[in-house]
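A quick write-up on the structure given underneath.
Bear in mind that the values in this text are calculations on the coordinates, not laboratory data. Computed from a predicted model, the values in this text were never measured in an experiment. So basically every Cβ, Gly included, is an ideal-geometry build from the backbone, and we count neighbours across all protein chains shown.
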Amino acid sequence: MQAAFADARILILDDEPVNTLLLGRILTSAGYGRITATTDPHEAIAWFLAAQAGPEPFDLVCTDLHMPGLSGLDVVATLTRATPPGDFVPVVMLTADVTAEAEQEALTNGAQDFITKPFRPPQIRLRIANLLRTRTLHRQLRDHNDRLEVLVRERTVELEAARLDILHRLAAAAEYRDYTTGQHTQRVGALSGLLAARLDCGEETIELVRRAAQLHDVGKIGVPDRILLKPGPLTAAEFRVMKEHVNVGVRLLSNGSSKLIAMAEVIAGSHHERWDGSGYPRGLAGDAIPLVGQIVAVADVFDTLINERPYKAAWSIEEAVDEMTRQRGHWFSPRVIDAFLDVLNASPDLIEELQHALVDVDTRAVVAEALHG
């Protein structure tokens, strides 16, 4: 555990006293010293509301799912309504119910993670630390945006550079969770900028796309490790949870005060849409999909194909280009694919760089997630 998290305030709610005691001991042994526990949902809600109104709010909540009276979902709904816009207080759902339906319901109704009983100390320590790290990054970004509103006229250049650094770190946090080798987010940003330039989007838009595209999958910080790192195809229930990263990303980036954040929000919410309407989250088709979403979809899938991921080995450049071309008018916008082919044909240095990133293509596995997810 990082020393910075030792002062984190953690609220534990479980109707079984033995569970609150056990979880409290696990967290105390991990170095967390500010733990509040109760078996009463109403008491937990009252403590949460009082703390959030004061100078030392709770940083994380662990709540049981099935409880008499108020369920864990009821508690989460109340806490969510009480959390100010722009704040992020992660909630971990605790339960002995290991069904996919229970996990799906919890994660789609406000919980950021799902831990089953009996508790496993290593799992709990890692997940709690990761969620607290995410909260810290979110608060840094929020606080930084607040400071920008006051100082931007006096220190525009310096503060813009600092904000971009925070955004890059947030994008990197999402990528590190995915165990990606290399800089996927940076490559997607660079290729997206080249595509925007080929499409004559204008100098300002090109630069915004290049930077904002790096945040396309920031919502993956809210996807459980067992799904994000699964070395194989996802089940239907797991894929529904995976798709929630789009909504998480939109929420994290919503109500931004700059053009960059506004574009990042659009990209996060639209880069999984498909030209033929078979994508998600809204099933948009054709030019109903924002152009920046069309662009990042091409850059993201191409980079995913040619680089190794937990669930697949890398494709060769030729195989990836062939597949992207076959998906012209189906998955991808025809004119963006045409721009993509023009960029590859006109940029031999880019081709060489991408080829250097390849790994053992002779042992390539079936890419079920990339092409059929």
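Temperature 4 °C, viscosity 1.567 mPa s: under these conditions the Stokes-Einstein estimate for the stretch 3-130, based on its Kirkwood radius over C-alpha pairs, is 89 µm² per second. In summary, the convex hull built on the alpha carbon positions of the stretch 17-74 has an orientation-averaged projected area of 4.3 nm². Counted by Cβ distance under 11 Å from ARG34, the other residues give a net charge of -2, where Lys and Arg count +1 and Asp and Glu count -1.
Applying 1/(1 + (r/R0)^6) with r as the Cβ-Cβ distance of ASN255 and ARG282 and R0 = 22 angstrom yields a FRET efficiency of 0.65. Distance between the 7 Å Cα→Cβ label points at ASP146 and ASP40: 3.2 nm.
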